[in-house]
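Worksheet for the structure shown next.
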Amino acid sequence: MRRTTVLALILAGAAAPTSPGRAADAAPALSAEIRETAESLRQNALSGSRASEWIRSLIDHSGPRLSGSSGERASIGWGLETFKTLGFARVRAEKVRVPFWQRGVETGEVTAPYPHKLSLTALGGSVPTPAAGLEGEIVEVGSLDELATKNEAAVRGRIVFFNKRMRRSVDGAGYGETVPIRGSGPSRAAKLGAIGVLIRSVGTDSNRTPHTGSLKYDEGIAEIPAAALSNPDADLLERLDREGRPVRVRFTLGCRNLGQADSANVIGEIPGTGKSEEIVLLGAHRDSWDLGEGAIDDGAGCGIVIEAARLIGALRKRPLRTIRVILFANEENGLAGGKSYAETHAAELDRHVAALEADLGSDAPIGFAWNAGPSAERLVGEIAALLAPLGASQVTSTGAGGADISRLVLAGVPLFSVRQDASRYFDWHHSANDTFDKIDPVPLDRMTAAVAVFTWVAANVPQPFERVPKEKRVLPKN
Ligand SMILES: [Zn+2]
């Protein structure tokens, strides 16, 4: 290796924003006592946490939990009872109004050039088709940009087939690249006169289990029915379309928009001593899509944050600050729970010293993301060192937070994420295959350990994280 290269590497190392060893000359931000307790929590979780027990009881007692459904209502009671049984304090349900959309009959078929059955499912929020179904010729596009190059004559009266494959990756980045089609595709197609939309599922599997998820109709644009095809069914349409003859499909969706319903953010706390008015927020979402059991999304997150807080509550010593666990309502199709929390608690957000959300399944931690003021860097490095034995020492300063807690950044609340291995997550996410058998307790315990370690540090460090600077107080896209 050339010397200049070595020098460049040394300089790069010195300038690396989050290199844990960098502050060797300064006294550690964490006392030996905080570190030792964090290490013992880590060990407690690794030697068999109860996180999977909470996931199991949530989904077995409630079933799928789409906003407004009976399962979703049942899970409010489950949350209250679970928090009380485990000895959490100030257990409560804070009312939230949520959208109420219900799936109905779903059928699909290719009618020409050859008959085939199709596995499809309505996108959340879709309007229904006529009872007899909707039939038309497809026009295939690979992206929103490609649709934009089409003239109206090519689209009017047809069914737009968005055919973009989601890329599998450890960090789940393929989701962000593909999901805009699901949200915006229907209105973009309607603007050009399409009568319906089919998308290739935003998922990485090859099962005949289509993946649902929310669409968002633009105001003033015709609302047209939209559904996701399973990946093998999208393959079939693609092959038929390659033959060059017109491909016609018919599909029927019986979904209904039922207005609004009552729901709640369910909250339990481990009270602090000394600085009990300061809050470390741990979030996950209680609602789920309706096709599966909502085990990985987001039963897993609920199990992780409940168990991390329970392990802390079971210690002999109390945390300095209060740990507030929130099982949010309506993450999947409206974010009403997260919005409502930010509004209702606006007056105390300056006392929220940190917030973390678990919403990427049950697999192992791979890193730690943060969004706080620059002086928090040294503390983040020390947390990363505590997470290293769990495989989560790689620090990034982007992508911290979660949908339900995203709005807190506007008030400067420091946001954190334990990043997870997402390479399997999108095989099952939002599909009928999101079931309890996908929960592997070994990586789940590692994730729970990581969240417990972070939470203990955040709740006890004498000087909390510097708040998010003004220029970084921005909502993520979508
Ligand atoms: Zn989720």
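Just a few scattered comments:
- Among residues of the range 282-304 that are within 23 Å of Phe100 (Cβ to Cβ) and hydroxyl-bearing (Ser, Thr, Tyr), those with a beta-carbon under 8 Å from a residue that is open to solvent by 10 Å² or more (accessible area, probe 1.4 Å) and near the ligand (Cβ under 9 Å from one of its atoms) at least six positions away or on a different chain give the pairs Ser288/Glu332.
- Checking each residue in the range 356-379 for being within 16 Å of the ligand (Cβ to nearest atom) and either outside any loop (DSSP other than H, G, I, E, B) or on the phi > 0 side of the Ramachandran plot (or both) picks out Leu356, Glu357, Gly361.
- Any pair with Cβ under 6 angstrom, 6 or more apart, that starts in the range 31-51 at a residue that is within 19 Å of Val442 (Cβ to Cβ) and in a helix (DSSP H, G or I) and ends at one that is among the acidic types (Asp, Glu) and open to solvent by less than 70 Å² (accessible area, probe 1.4 Å): Ala45/Asp445; Leu46/Asp445; Ala51/Glu307
- Yes/no for Leu320 being more than 13 Å from the ligand (Cβ to nearest atom), outside the structural domain of Leu120 (by TED's automatic domain parsing), under 28 Å from Ser119 (Cα atoms) and in contact with a strand residue (DSSP E or B) (Cβ under 9 Å, 6 or more places away or on another chain): no
- For the range 115-170, the set of residues classified as under 29 Å from the mean Cα position of the chain (by Cα), surrounded by 14 or more Cβ atoms within 10 Å (Cβ to Cβ) and of a type in the set (Lys, Arg) consists of Lys164, Arg165, Arg168, listed by residue number.
- Only residues that are part of a helix (DSSP H, G or I) and touching a helix residue (DSSP H, G or I) at 6+ places or on another chain (Cβ under 8 Å) were counted in the range 327-340, giving 2.
- Test: residue in the range 233-253 that is in a helix (DSSP H, G or I), among the small types (Gly, Ala, Ser), more than 16 Å from the ligand (Cβ to nearest atom) and open to solvent by 10 Å² or more (accessible area, probe 1.4 Å): no
- Residue within the range 74-93 that is outside any helix (DSSP H, G or I), under 25 Å from Gly259 (Cα atoms) and open to solvent by less than 10 Å² (accessible area, probe 1.4 Å) present: no
- Residue match in the range 339-361 (condition: over 23 Å from Val202 (Cβ atoms), among the hydroxyl-bearing types (Ser, Thr, Tyr), open to solvent by less than 10 Å² (accessible area, probe 1.4 Å) and in contact (Cβ under 8 Å) with a residue 12 or more places away in the chain): yes
- Filtering Thr435, Thr448 for residues that are over 22 Å from Asp350 (Cα atoms) and surrounded by fewer than 19 Cβ atoms within 10 Å (Cβ to Cβ) leaves a single hit, Thr435.
- Hey, Leu147 in a helix (DSSP H, G or I), farther than 25 Å from Asn330 by Cβ and either of a type outside the set (D, E, K, R) or in contact with a strand residue (DSSP E or B) (Cβ under 7 Å, 6 or more places away or on another chain) (or both) or not: yes
- Here Ser288 fulfils each of the conditions (1) away from the ligand (no atom under 16 Å from the Cβ); (2) within 30 Å of Phe161 (Cβ to Cβ); (3) polar (S, T, N, Q); (4) in a loop (DSSP other than H, G, I, E, B) apart from (1).
- Residues satisfying the stated conditions in the range 187-216, i.e. open to solvent by 40 Å² or more (accessible area, probe 1.4 Å) and assigned to a loop (DSSP other than H, G, I, E, B): Ile195, Ser206, Asn207, Arg208, Lys216
- Residue count for the range 285-333, restricted to those that are more than 14 Å from Asp404 (Cβ to Cβ) and aromatic (Phe, Trp, Tyr): 1
- Close Cβ contacts (under 9 Å, 6 or more residues apart or on different chains) running from residues in the range 314-334 that are at positive phi to residues that are of a type outside the set (Lys, Arg) and open to solvent by 10 Å² or more (accessible area, probe 1.4 Å) comprise Asn330/Pro99; Asn330/Ala336; Asn330/Ser340; Gly334/Pro99; Gly334/Gly125; Gly334/Ser214.
- Restricting attention to the range 403-426, the residues being away from the ligand (no atom under 15 Å from the Cβ), out of contact with any strand residue (DSSP E or B) (no Cβ under 8 Å at 6 or more places or on another chain) and part of a helix (DSSP H, G or I) number 2.
Condition check ((1) more than 12 Å from the chain's Cα centre (by Cα); (2) outside the structural domain of Leu444 (by TED's automatic domain parsing); (3) charged (D, E, K, R); (4) open to solvent by 10 Å² or more (accessible area, probe 1.4 Å)) across all residues:
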{"residue": "Glu277", "(1), (2), (3), (4)": "yes, no, yes, yes"}
{"residue": "Leu281", "(1), (2), (3), (4)": "yes, no, no, no"}
{"residue": "Ala284", "(1), (2), (3), (4)": "no, no, no, no"}
{"residue": "Asp297", "(1), (2), (3), (4)": "no, no, yes, no"}
{"residue": "Ala300", "(1), (2), (3), (4)": "no, no, no, no"}
{"residue": "Gly303", "(1), (2), (3), (4)": "yes, no, no, no"}
{"residue": "Ile306", "(1), (2), (3), (4)": "yes, no, no, no"}
{"residue": "Leu311", "(1), (2), (3), (4)": "yes, no, no, yes"}
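- Filtered residue count, the range 291-317, keeping only those that are within 16 Å of the ligand (Cβ to nearest atom), in a helix (DSSP H, G or I) and charged (D, E, K, R): 2
The rows are residues; the columns are (1) surrounded by fewer than 23 Cβ atoms within 10 Å (Cβ to Cβ); (2) closer than 25 Å to Ile55 by Cα.
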residue: Ala364; (1), (2): yes, yes
residue: Gly367; (1), (2): yes, yes
residue: Gly373; (1), (2): yes, no
residue: Ala384; (1), (2): yes, no
residue: Ser393; (1), (2): yes, no
residue: Thr396; (1), (2): yes, no
residue: Gly402; (1), (2): no, yes
residue: Arg407; (1), (2): yes, no
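The values are calculated or read from the model by the stated rules, or taken from the named source; none is laboratory data. The model shown is predicted, which means the values in this text are computed figures rather than measured ones. Because the Cβ atoms are built from the backbone with ideal geometry, glycine has one as well, and the counts that use them run over all protein chains shown. Protein only, heavy atoms only, side chains kept; ligands, DNA and RNA dropped before computing areas. Shrake-Rupley method; radii C 1.70, N 1.55, O 1.52, S 1.80 Å.
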